[in-house]
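The structure appears below as structure tokens.
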Amino acid sequence: MLQSFQRPSHRKLALGKDRFQDEARFLRLWLERPLAIGAVMPSSKALARTMASYVDPRIPGPVVELGPGTGPVTDALIRRGVAQDRLILVEFNPEFCQLLKRRFPKATIIQGDAYDLAETLSGILQEPAAATVSSLPLFTKPMDHRLELLEAAQAVMHPEAPFIQFTYAVVPPIPARSGSHRARGSNRVWRNLPPARVWVYNKVKNA
């Protein structure tokens, strides 16, 4: 009996190869600098889609991504409808920066320190950002540094814009409530290794 089957396309094979290479690259860099990389694997497609889902592509202005790594969340943002030339990618690792330039040639890619956001974005933003999406390993930093990062991101966004952050922890990386911000968490994304949750922070009006 003849059985029909579909051969994998060259594109699918290439994507599988890219994913394997990204995972190997992440693991090597994590072994070299675990506190700076903060993850053994790139974000899964499920986690990347969840993060991107909180960005409204209809809202004008650039979208800032912090710690894009090999670009899984960047790709999800583009699939969400955010034009590539609206993306400002802030990445500390030079190897990841070169990779991002090849994969997203229309995006603005900055090799710099996301924790010094005002200086890193100086002269780059021409209008308030529509969102900030972060894959930074916040739990490697003291709480005051995390709060400073959130405040710096809110300072370059329009007042209603979200700061989107994922974490593997069961608690939010920045307190969910304060006098200056509010946060809501997603359901746990089980199809990520390890499972993760997305937290979305918004500035409190008149704070």
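The values are calculated or read from the model by the stated rules, or taken from the named source; none is laboratory data. Model, not experiment: these values are computed from the prediction. Positions of Cβ are backbone-derived with ideal geometry, glycine not excepted, and every protein chain shown enters the neighbour counts. Quick note on the areas: whole protein, heavy atoms, side chains included, nothing else; ligands and nucleic acids left out. Shrake-Rupley method; radii C 1.70, N 1.55, O 1.52, S 1.80 Å.
Can you spot a residue in segment 102-117 that is part of a loop (DSSP other than H, G, I, E, B), within 17 Å of PHE163 (Cβ to Cβ), hydroxyl-bearing (Ser, Thr, Tyr) and at pLDDT 95 or above?
No - not one qualifying residue is present in segment 102-117.
Failed condition for GLY69, given (1) open to solvent by 10 Å² or more (accessible area, probe 1.4 Å); (2) in a loop (DSSP other than H, G, I, E, B), with all others met?
(1)
If you take the residues in segment 130-155 that are in contact with a strand residue (DSSP E or B) (Cβ under 7 Å, 6 or more places away or on another chain) and part of a loop (DSSP other than H, G, I, E, B), which one is least open to solvent (accessible area, probe 1.4 Å)?
ALA130
Being under 22 Å from PRO173 (Cβ atoms) and without any contact (Cβ under 8 Å) to a residue 40 or more places away in the chain narrows it down to one of LYS141, LYS106, so name that one. Before the answer, list the steps.
Working: LYS106 fails: under 22 Å from PRO173 (Cβ atoms).
After ruling out the rest, the residue left standing is LYS141.
Return the residue satisfying two criteria in turn: it lies in segment 88-129 and is surrounded by fewer than 14 Cβ atoms within 10 Å (Cβ to Cβ) and among the polar types (S, T, N, Q), and of such residues it is nearest to THR70 (Cα to Cα).
GLN98
Would you please list the contacts, defined by Cβ atoms under 6 Å and residues six or more apart or on different chains, that run from a residue in segment 174-189 that is more than 14 Å from LEU149 (Cβ to Cβ) and part of a loop (DSSP other than H, G, I, E, B) to a residue that is open to solvent by 30 Å² or more (accessible area, probe 1.4 Å) and at pLDDT below 95?
Cβ pairs passing all conditions: ARG188/PRO195.
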